[in-house]
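Asks: For reference, the structure I am asking about is given below.
The values are calculated or read from the model by the stated rules, or taken from the named source; none is laboratory data. Keep in mind the model is a prediction, meaning the values are calculated, not measured. Glycine also receives a Cβ, built like all others from the backbone with ideal geometry; neighbour counts cover every protein chain displayed. Calculation scope for accessible area: heavy atoms of the full protein, side chains included, ligands and nucleic acids excluded. Shrake-Rupley method; radii C 1.70, N 1.55, O 1.52, S 1.80 Å.
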Amino acid sequence: MMIGKKLILLLVISILLGTAVSKIVAEVANGYFHSTMDSLVGEYGEYDFIVQVQEEKEEEAKPVLEEVLSEHFSGGHYQEAPVIGGRANFFVAIPDEYKSKAVYERIDSYFSVLPGAAGLSIISEPRFSIRGVPQGALELLCRELERLDGVRFVFLDGPTIHVMIRDVADSTRLQETANQML
């Protein structure tokens, strides 16, 4: 009888120790991966665009990217990101004074001069996007959205409306208002 109690006690202690060690390992791994991701992609809202160039043109594109930033977006900077699918990626941040409807609607034209230019994605935050609006209603909806309190500016990217907002706390309210407008 005594051996059975000792065996059960040993089993319970083993389970508790195993659980504690697993939790510690998981927390350390989570912290490592979180800091690795932050170093790769930056903090929330830190970067505004991902600029892509063909992998073989990456080194040639860097000085041109620096020139574009100094010429058009003084104070802007970039960070190299991983090469994926034969495309070199650069996270680009521009100063606040350049964040406007006019700049964002022409953003492709600034970076299309890069050797091997392969694409650009807008990742500025906080914002939300509206897709599927009929062509005839795009301009009207943009004007109405720009009037809303908390909207910084609205811009079109093809048939998609992007609404840049001042504070992420206003996001839900503004999205609900946009849904009512639609």
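Asks: Thr172 fails exactly one of the following numbered conditions: (1) surrounded by 16 or more Cβ atoms within 10 Å (Cβ to Cβ); (2) modelled with pLDDT of 90 or more. What is the number of that condition?
Replies: (1)
Asks: If you take just the strands (runs of 3 or more DSSP E) that sit entirely in segment 117-173, which of them hold at least 1 residues that are among the charged types (D, E, K, R)? It would help to see each step written out before you state the result.
Replies: On the way: elements: 117-122, 127-130, 151-157, 160-165.
Per the criteria, 127-130, 151-157.
Asks: Tell me, please, whether a residue that is aliphatic (A, V, I, L, M) and open to solvent by 60 Å² or more (accessible area, probe 1.4 Å) can be found in segment 137-156. Walk me through how you get there before you give the answer.
Replies: Applying the first criterion (aliphatic (A, V, I, L, M)) to segment 137-156 yields 137-138, 140-141, 145, 148, 151, 154, 156.
This time we only want the ones that are open to solvent by 60 Å² or more (accessible area, probe 1.4 Å), so: 140.
Within segment 137-156 (the criterion being aliphatic (A, V, I, L, M) and open to solvent by 60 Å² or more (accessible area, probe 1.4 Å)), the answer is yes, since at least one residue qualifies.
Asks: Within the set of pairs 6 or more residues apart or between chains, which connect a residue that is touching a residue at least 12 places away in the same chain (Cβ under 8 Å) and under 17 Å from Glu67 (Cβ atoms) inside segment 100-116 to a residue that is of a type in the set (Val, Ile, Thr) and in a helix (DSSP H, G or I) with Cβ atoms less than 7 Å apart?
Replies: Tyr110/Val68; Phe111/Val68; Val113/Val64; Val113/Val68; Leu114/Val64; Pro115/Val64
Asks: Anything in segment 22-54 that is open to solvent by less than 100 Å² (accessible area, probe 1.4 Å), at pLDDT 80 or above and not in a loop (DSSP other than H, G, I, E, B)? List them, or say none.
Replies: Answer for segment 22-54, where residues must be open to solvent by less than 100 Å² (accessible area, probe 1.4 Å), at pLDDT 80 or above and not in a loop (DSSP other than H, G, I, E, B): Ser22, Phe49, Ile50, Val51, Gln52, Val53, Gln54.
Asks: Please specify each residue of segment 103-136 satisfying the condition of being loosely packed, with under 13 Cβ neighbours inside 10 Å and over 22 Å from Val53 (Cα atoms).
Replies: Ser129, Arg131, Gly132, Pro134, Gln135, Gly136, listed by residue number.
Asks: Another question about this same structure. Looking only at segment 86-102, filter to residues that are open to solvent by less than 40 Å² (accessible area, probe 1.4 Å) and in contact with a helix residue (DSSP H, G or I) (Cβ under 8 Å, 6 or more places away or on another chain); which one of those is farthest from Val151 (Cα to Cα)?
Replies: Of everything passing the filter in segment 86-102, Gly86 is farthest from Val151 (Cα to Cα).
Asks: For residues that are outside any helix (DSSP H, G or I) and open to solvent by 30 Å² or more (accessible area, probe 1.4 Å), tally how many sit in segment 55-84. Let's see the steps before the verdict.
Replies: Taking segment 55-84 and keeping what is outside any helix (DSSP H, G or I), we get 73-84.
Add one more test, that the residue is open to solvent by 30 Å² or more (accessible area, probe 1.4 Å), and what stays is 74-75, 77-80, 82-84.
Of the residues in segment 55-84, 9 are outside any helix (DSSP H, G or I) and open to solvent by 30 Å² or more (accessible area, probe 1.4 Å).
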